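Each value in this text was obtained by applying a stated rule to the coordinates, not by laboratory testing. Just so we're clear, the structure is a prediction, and the values are computed from it rather than from any experiment. Don't worry about glycine lacking a Cβ; one is built from the backbone with ideal geometry, like all the others, and counts go over all protein chains shown.
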Amino acid sequence: MWFKASAPVLGDFEQLVLLGVLRLEREDASYGAAIRQEIHARSGRDVSINAVYTTLDRLESKGFLKSWVGDPTPQRGGRRRKFYALCPAGVAALRQAYRAFTAMADGLQSRLELK
Amino acid sequence: VKKTDPPRLAIWLLTRRLSAEWRDFVVGDLEEEFATRSGSSPVAAHFWLWWQTMRCLAAPPPVRRSRLPLGSSQRDSRMRTVFADVRYAFRVMFRTPSFAVAVVSVLALGIGANTTIFSIVNAVLLRPLPFEEPERLVRIFTRTPGGRLFELSPGKFYDWQRDARSFEGMAMYQCCGFRELALTGTGAARTVRATAVSAGFFEVVRARPALGRVFRQEEDTPGGRYVVVLSERFWRAEFGGNPDVIGRTVKLNDEPYTIVGVMPATASVASWTAMASDVWVPLALTDEQRADRGNHNRYGAGRLKRDVELAQAQAEMDAISARLAREFPTSDDRWGAVVIPMQEEIVGNSRTMLLMLLGAVGLVLLIACANVGNLLFTRALSRRKEIAIRSALGAGRGRVFQQLLTEALLLAGAGGALGLLLAYGTLTSASTLLASQVPRAEEISIDGPVLLFAVGVSMLTGMLAGTLPAVRAGRSDLNDALKEGGLSDGAIGVGTRRLLIVCEVALSLVLLMGAGVMIQSLLALRHGDTGFDPNNVLTMRVRLVDARYPSPVQRSSFFDAALQRIRALPGVEAAGTINDLPFADGSSQTLHLEGYPPQREPVAVQVRQITPGYLRAMGIPVQRGRDVVDSDAEVLLVSQDAVKLYWGEDDPIERRAALPFSKTVLRQVVGIVGDVKQRSLTEGPTPTAYYYTREPSGRATFVVRTSVPPAALAQPVVAAIRAIDPEQPVVDIRTMVQVLDDKLTPQRFSALLLGVFAGVALLLAAVGIYSVLSYIVRGRSREIGIRRALGARTSDVLRLVIVEGMSPVLVGVAAGTIAALASAKVMRTLVFGVSASDPLTLTAVGATLALVALMASLVPAYRALRLDPVRVLRAD
């Protein structure tokens, strides 16, 4: 429809989480703590684990992510991990957000003092 | 590297809070990251984990598929509301950290001070003594014909023990003053605190030995073997805790004592001299001593039978005393017996002082509450719009109330936690100071009841400070609040705020008044006339051991030689000895005058044994006649009050009198001396008789007047005494000023604390007045602007603000004066030399408070003056 965007808009934090999953899913390490550390290390935002899981859960319910549960490991006190991976809709949403951002920022690098 | 475990409390909280759906993933993730982080810095890892935990507790990931049974949904939603409120309160708190810091620190100060005092009260007054069924343990005294409590004479004690049926057991003991045994033969000579106890003493106290046994009945006789029971402390210090000490001997007073038992550490009670001993020995009285009814120098303790009330025991003792008075009219007439619970006896005079301090610190908390209430109120009003929107969206008044109260309680909780830390810090750093101020100080700790008290006080504070703002904010008019530029905040709740100022000022005045009279009382006692000159006087105590100095001649020559050596020291002006210094309990006796009929109602005077030089060393003036001299034998000096009591208008000089313990020796009065406060600083001078004898007892205190600072002479004087007998212990080396100061420690302690409380109260009141007035000025800025525009002068504006600020202050001063006069009743027993409702102090305190209030209102007044009328009016 003319008034509806092609894919639902992603929030700022949702983008970070989705990018985190995308970075980590190749190494089979896309679970909460790893995503949290990835966001912290790259963006400098020291977010809380509950915020990460709340967002992951919301993205899953929107159909952007899928999840599965791994086996318990001893270094986690015998607790299981929950892994996430991107669904096609998630990839599409990220792509749209990226395009929108780069298109809007194009030519402004010098103004934003990005070298 | 040692593996650090994550804090179990945090993990437990998380597993409780998180739904089953998320528990494994979240907790597992946190544990995993904690393990990596604790590798580099365990402390930082703990901080990190707790931070994460708090965030999770406040907002856990949502539960998607509710598996909860239907019945619990209501409870669950209510809990969620509470959680949501707490979460919101946290957010509000972090959004304006300066506000949170102000409120939390004021509360921490109030709650911390209260917790500190309560933990002292708890240890001293509330916690029972560490003996079995301590409520049945009593002290037994005689009551003198004059109505004073006094110690026991063996004759009376053994009659009571034989006849009283209310007691499971009764025992007699003698404390340090009489049986301070010198431990010799093991290195340096030192004095051992010893208590001599009658048979059955340990059974009465219910103190069971950790090793060996206690005394047998037959050991409490003069012919019995010399046996001793050691305290745990002494056993560890002297024998290294060796369990084979039973049967070995220890030399006390040059006599060998066989060790029969060791008491456990739990039996030591520092506040009860009998149980603070290093060692215990049998009292072992001779038959003659046992029959003595006149010498009241033993202490009595007893244990009531299980079903016997204190009043019953007292009644029985009264009946026995009445019968004994008929049986022994010369010695027992009008003497009585008094039974007092042990706890009450040990706590003694501290009770009133501690309760007064608890009351005072409670007032500080009330002032803190008023301050915080005012801050919360201001804040609630500035959030009027937010609250109005909530109400418009359907939040009931109860809901808004709950939200605001939650915030207040959260702040109070934080204040309480900080206050508890403050109390812990204070108690730890002041433990040595406390030990010299209150009995049972070694037992002061933050335990269950104290924690409960801190939590209770915090919650109460939160409710007290939070309720008023919450109620008032919930009541505000919706329409009004939502209108832009509507009635400005200042017009709201001004009445409530004025009331808070009135309360703060009134409470501060009560505290300042208390501190004022307490400090004056301390000064009056410290610098008041004692009858002697305490400056530049050095004192020290010796006790000659009977075994080494069996004859009076030997003792006399020891003291003569020692005094001669001391007087030869450079810097010594005069030196003498007395058996008991002023303020150390001493003998109190009746004189028998030669040539006068016996008095109908004999009055006892203080009786002290001195040597020549004592009066000069203490600076006690000889009013008439002369001082005692070395060539005298068996002479008396009497103080002016004693003359009035015994001789009336007659001149006592050259007359003779006898002392009750040696009625055959008639002593000539050679001089009249000045009156001295002999018994205590808080009582008036005591009539006293001094005697000089060639047969001195072995117990003496050297008193040395110096021309140099007295402490500098301590070592030379001790050396002079030791030169005569190197094995002679010399103890209690103090200047006379120190003796006075030690006597005043309770007064100094309460004056110090009250002063601190009053200072804090004054500060809080000033801050309160300042913040309320600033608020009012801000609210009325438009009005002030209009007035200025219409030509109001600087003085008019100044008057407007200062009248606004000072009127509640003056009402508060008036209310506080009434409250201070009412509380003077409590203070009356605690202050000396000054009236508890001293009008001068009251005026000074009121004026101080008004002045501080004026200063606090100057800043807002200055701000009002600087308001630019144009800008204020344009703001609309």
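Compute the length gained on full extension between residue A:28 and residue A:87: take 0.36 nm times their separation in residues and subtract their Cα-Cα distance, giving the result in nm to one decimal.
Details: separation 59, 0.36 × 59 = 21.24 nm, distance 1.51 nm.
Extending this stretch completely gives an extra 19.7 nm.
Within 10 Å of each residue's Cβ, count the other Cβ atoms and sort B:724, B:346, B:566 from fewest upward. Write out the running numbers ahead of the final one.
Numbers: B:724 15, B:346 19, B:566 25.
Going from least to most buried by this count: B:724, B:346, B:566.
Here the gap between residue B:333 and residue B:297, fully extended at 0.36 nm per residue and compared with their Cα-Cα distance, gives a gain of 11.1 nm.
If you place +1 on the Cβ of every Lys and Arg, -1 on the Cβ of every Asp and Glu, and leave all else neutral, what size is the dipole of chain B about its Cα centre, to the nearest 20 Debye? Working shown, then result.
On the way: 99 positive and 81 negative charges, 846 e Å.
About 4060 debye.
With the simple model of a label 7 Å out from the Cα in the direction of the Cβ, residue B:854 to residue B:135 spans 5.7 nm. Computed with the Debye formula from one identical point scatterer per Cα of chain B, without solvent, the log10 of I(q)/I(0) at q = 0.07 Å⁻¹ comes to -0.78.
Label zone of residue B:162 (point 7 Å out along Cα→Cβ, amide N under 16 Å): in segment B:291-316 this covers B:291-294. With both labels modelled 7 Å from their Cα along Cα-to-Cβ, the residue B:535 to residue B:874 distance reads 7.0 nm.
Give the calculated FRET efficiency between residue B:810 and residue B:832 to the nearest 0.05, with a Förster radius of 30 Å applied to their Cβ-Cβ distance. Efficiency, rounded to the nearest 0.05: 0.40. For segment B:687-736, what percent of Cα pairs sit more than 15 Å apart? Cα-Cα pairs of segment B:687-736 separated by over 15 Å account for 58 percent.
If R₀ is 22 angstrom, what is the calculated FRET efficiency for the pair residue B:50 and residue B:82, using the beta carbon separation as r and rounding to 0.05? All intermediate terms of the calculation are to be shown ahead of the outcome.
Working: r = 21 Å, r/R0 = 0.97.
The formula returns an efficiency of 0.55 here.
Using a simple spin-label model with pseudo-atoms 7 Å out from Cα toward Cβ, residue B:695 and residue B:665 lie 0.6 nm apart.
A 24 angstrom limit on the alpha carbon distance is what I want to check against. Which of B:156/B:677; B:644/B:677; B:156/B:644; B:677/B:743 exceed it? Flagged as over cut-off: B:156/B:677; B:156/B:644.
Taking a point 7 Å from the Cα of residue B:225 along the Cα-to-Cβ direction, the residues of segment B:245-263 with backbone N closer than 17 Å to it are B:245-252, B:255-262.
Between amide H atoms placed 1.01 Å from N, distances below 5 Å from residue A:65 occur with A:60, A:87, all of them 5 or more places distant or on a separate chain.
Size estimate for the protein assembly as shown follows the Kirkwood approach: the inverse of mean 1/r over distinct Cα pairs works out to 35.7 Å. 3J(HN,Hα) along segment B:706-712, derived from phi through the Karplus expression 6.51 cos²θ - 1.76 cosθ + 1.60 where θ = phi - 60°, amounts to 10, 9, 10, x, x, 4, 5 Hz, with x in place of Gly and Pro. Segment B:81-100 and segment B:655-689 have Cα centres spaced 73 Å apart.
For segment B:315-444, would you read off the P(r) tail past 23 Å as a percentage of all alpha carbon pairs?
Values: 5397 of 8385 pairs.
Counting pairs separated by more than 23 Å, the tail of P(r) holds 64 percent.
Dipole magnitude for the protein assembly as shown: about 4940 debye, using +1 per Lys or Arg Cβ and -1 per Asp or Glu Cβ, origin at the Cα centre. Apply 1/(1 + (r/R0)^6) to the Cβ-Cβ distance of residue A:68 and residue A:113, taking R0 = 51 Å, and write down the FRET efficiency to the nearest 0.05. Using R0 = 51 Å, I get an efficiency of 0.75.
Please report B:831, B:638 as a ranked list, fewest other C-beta atoms within 10 angstrom at the top and most at the bottom. Mind showing how you got there, number by number?
Details: B:831 25, B:638 28.
Ordered from fewest to most neighbouring Cβ atoms within 10 Å, B:831, B:638 come out as B:831, B:638.
The stretch between residue B:421 and residue B:744, if pulled fully straight at 0.36 nm per residue, gains 113.3 nm over its current Cα-Cα span.
Arrange the following residues from fewest to most other Cβ atoms within 10 Å of their Cβ: A:38, B:288, B:33. All intermediate terms of the calculation are to be shown ahead of the outcome.
On the way: A:38 19, B:288 9, B:33 22.
The order, fewest Cβ neighbours first, is B:288, A:38, B:33.
Return the Rg/Rh value of segment B:326-367, two decimal places, where both radii are evaluated on C-alpha atoms and Rh is the Kirkwood radius. Write down the numbers at each step before the final one.
Details: Rg = 19.7 Å, Rh = 13.8 Å.
Value, to two decimals: 1.43.
Here's how it looks for residue A:79: its modeled amide H is under 5 Å from those of A:73, which are all 5 or more places away or on a different chain.
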